[in-house]
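Trainee: Supplied in structure tokens, the structure appears directly below.
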Amino acid sequence: MGSLPHTAAEAQQLDLEDSSRTERVQWLINSPEPPSLWQELVGTVKGSLLTPGKKNSSSNAKGKHAMSFLRGLFPILSWGRNYKASFFKHYLMAGLTLASLSIPQSIGYANLAKLDPQYGLYTSVVPPLIYAVMGSSREIAIGPVAVVSMLLSSMIPGLVDPAIDPIGYTSLVFTVTFFAGTFQAIFGLFRLGFLVDFLSHAAVVGFMAGAAIVIGLQQLKGLFGLSHFTTKTDVVSVLTSVSKSVKHEWYPLNFVLGLSFLVFLLVARFIVRKKKQKALLVPSNSSSIVSHIITLIVYLTRADNHGVKIVKHLKGGLNPSSVHRLQFNGTHVAEAAKIGLISAIVALTEAIAVGRSFASINGYHLDGNKEMLAMGFMNLAGSLTSCYVATGSFSRTAVNFSAGCKTVVSNIVMAITVILALELFTRLLYYTPVAILASIIMSALPGLIDINEAYPCLGAFIGVLFKSVEIGLLVA
């Protein structure tokens, strides 16, 4: 029996299948070129920065598209439209309070990083200004922090000894900062926020707790007024160095001054927490006021002639350019890039954790990828202007939040205040007692130790405490 003729519908279906098959063959033969690396990068950047919404087909679509891109890159263009001059008096007080706490802390953290004190102040100028334009957190306070300072001072001296070659050491710090900013910007552009989440909460807690103890032990040099101290960070080396140095370099006035101020800081903080007051502003204001009063007394009495160790080498003026000091052709470029990567991740982990904590309190979402981009650009700019790795500080952010600041204007006020200090008050800051700086750093350490979560993080904790920062991070 012969086959039945096809109906009209079947014939049309066969024609469509033949046409589709022909199109696929032609597509395989003349396949389109894959998007270039530049096209992929532009697409990724647009996806990271543009605010999602419906496509606009009107004639001004390109203008709105460009404006959306700029607002994504510079959040200040969004919230700045609703900013009122009446808000400024509140933000002015918050910024001044922030600066009064930031100035002694920045000097102390620069000392912890084995840098001259002015570099800590420089780091409280340029990065906060860049973040104020690009950052999306409303409360975070930008500047040098203890953990990153200790990280740099534990890893870079293995390449260049700051006691032998301070200029080479400082240049390498700027190079590490450049790499840190580069990695942070790349993380943000390519939406690699999961790299920060890769460090579990327990690992971070363990690392921070171990780092807190190591940082505290490092401050014994300033507390006792010692001149000779080990460059190692493990607990055994530090305690051995202290026991040997104290016999020959004992300055009781430094110890009494530093210990008294430390007790004052801890008692003030305990009283505020006990009374459950809203403002952490009280201990912060009191600590900065008392530290400035002590510095003034040391200046007037010339106590440095009686054994009190002071900051001394503090260069005034605005941030000088450090472009010419970046080292990309030396023997330590690979190591600088590695340290930069570690610093980038640790700094981002702390900043995003702080930013998200306060964002949740105020009921808004913090975009981790945009934060990475802002952190990256501020550290890139910082590396070119004599700054080292900056990030969000928990203690200063808490002060900023308690002062009622709801935008990053306080960072701008703080940066301007630090500029004025560099221009006008370096003579007074020159006489800041080292023991006071040690006490300020030590008073911030208890908040980094979480006893309740100690057991899951013992590996990272022991690695940092008894070996090195790198080992602790590797274990984490």
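The values are calculated or read from the model by the stated rules, or taken from the named source; none is laboratory data. Just so it is clear, the structure is predicted and the values come from calculations on it, not from any experiment. Positions of Cβ are generated from backbone atoms using ideal geometry, with glycine treated the same way; all protein chains shown enter the neighbour counts. Areas reflect the complete protein model, heavy atoms only, side chains present, ligands, DNA and RNA absent. Shrake-Rupley method; radii C 1.70, N 1.55, O 1.52, S 1.80 Å.
Trainee: Of all residues being open to solvent by 80 Å² or more (accessible area, probe 1.4 Å) and in contact with an Asp or Glu (Cβ under 9 Å, 6 or more places away or on another chain) in region 292-321, which is farthest from TYR388 (Cα to Cα)? Just the residue, please.
Mentor: Selected residue: LYS312.
Each row is one residue, and each column tells you yes or no for (1) touching a helix residue (DSSP H, G or I) at 6+ places or on another chain (Cβ under 7 Å); (2) at pLDDT below 85; (3) not β-branched (Val, Ile, Thr).
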site	(1), (2), (3)
VAL160	yes, no, no
PRO166	no, no, yes
PHE187	yes, no, yes
LEU195	yes, yes, yes
SER200	no, yes, yes
ALA203	yes, yes, yes
LEU220	yes, yes, yes
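Trainee: What pairs can you find where one residue is in region 131-159 and more than 17 Å from GLY95 (Cβ to Cβ) and open to solvent by less than 10 Å² (accessible area, probe 1.4 Å), the other is assigned to a loop (DSSP other than H, G, I, E, B) and of a type in the set (S, T, N, Q), and their Cβ atoms are less than 6 Å apart, with a gap of 6+ or different chains?
Mentor: PRO144/THR123
Trainee: Sort out for me the helices (runs of 4 or more DSSP H) sitting completely within region 395-476 that have 3 or more residues that are modelled with pLDDT under 75.
Mentor: On the way: elements: 409-424, 426-429, 434-443, 458-466, 469-475.
So the answer is 458-466, 469-475.
Trainee: Scan region 247-260 and report the pairs whose first residue is in contact (Cβ under 8 Å) with a residue 24 or more places away in the chain and whose second residue is polar (S, T, N, Q) and not in a helix (DSSP H, G or I), with Cβ atoms within less than 7 Å and a gap of 6+ or a chain change.
Mentor: These pairs meet every condition: GLU249/SER227.
Trainee: Taking the stated definitions as given, is SER321 modelled with pLDDT under 85 and either under 21 Å from LEU420 (Cα atoms) or among the β-branched types (Val, Ile, Thr) (or both)? Step through it out loud before you land on a result.
Mentor: Working: modelled with pLDDT under 85: no; either under 21 Å from LEU420 (Cα atoms) or among the β-branched types (Val, Ile, Thr) (or both): yes.
Judged against the criteria, SER321 is not a match.
Trainee: List every residue pair whose Cβ atoms lie under 7 Å apart, where the two residues are 6 or more positions apart in sequence or sit on different chains, the first residue falls within region 315-340 and is acidic (Asp, Glu), and the second residue, located anywhere, is open to solvent by less than 60 Å² (accessible area, probe 1.4 Å).
Mentor: Note: pairs meeting the criteria are GLU335/LEU159.
Trainee: Which fully enclosed helices (runs of 4 or more DSSP H) of region 122-195 have 1 or more residues being within 30 Å of HIS228 (Cβ to Cβ)?
Mentor: Details: elements: 126-134, 146-155, 166-189.
Per the criteria, 146-155, 166-189.
Trainee: Also: Kindly indicate the residue of region 322-377 that is part of a loop (DSSP other than H, G, I, E, B) and small (Gly, Ala, Ser) and also surrounded by the most Cβ atoms within 10 Å (Cβ to Cβ) among those meeting that condition. Let's see the steps before the verdict.
Mentor: Step one: filter region 322-377 for residues part of a loop (DSSP other than H, G, I, E, B), giving 322, 326-332, 363-367.
Then keep just the ones that are small (Gly, Ala, Ser); that gives 322, 330, 363.
Details: SER322: 23, GLY330: 15, GLY363: 6.
Out of the qualifying residues, it is SER322.
Trainee: If we scan region 86-94, do we find a residue that is crowded, with 24+ Cβ neighbours inside 10 Å, out of contact with any Asp or Glu (no Cβ under 9 Å at 6 or more places or on another chain) and either at pLDDT below 95 or closer than 22 Å to GLY376 by Cβ (or both)?
Mentor: Step one: of region 86-94, the residues crowded, with 24+ Cβ neighbours inside 10 Å are 94.
Pick out the ones that are also out of contact with any Asp or Glu (no Cβ under 9 Å at 6 or more places or on another chain) and you get 94.
Those still in the list that are either at pLDDT below 95 or closer than 22 Å to GLY376 by Cβ (or both) too: 94.
Checked against the condition, which is being crowded, with 24+ Cβ neighbours inside 10 Å, out of contact with any Asp or Glu (no Cβ under 9 Å at 6 or more places or on another chain) and either at pLDDT below 95 or closer than 22 Å to GLY376 by Cβ (or both), region 86-94 yields at least one hit.
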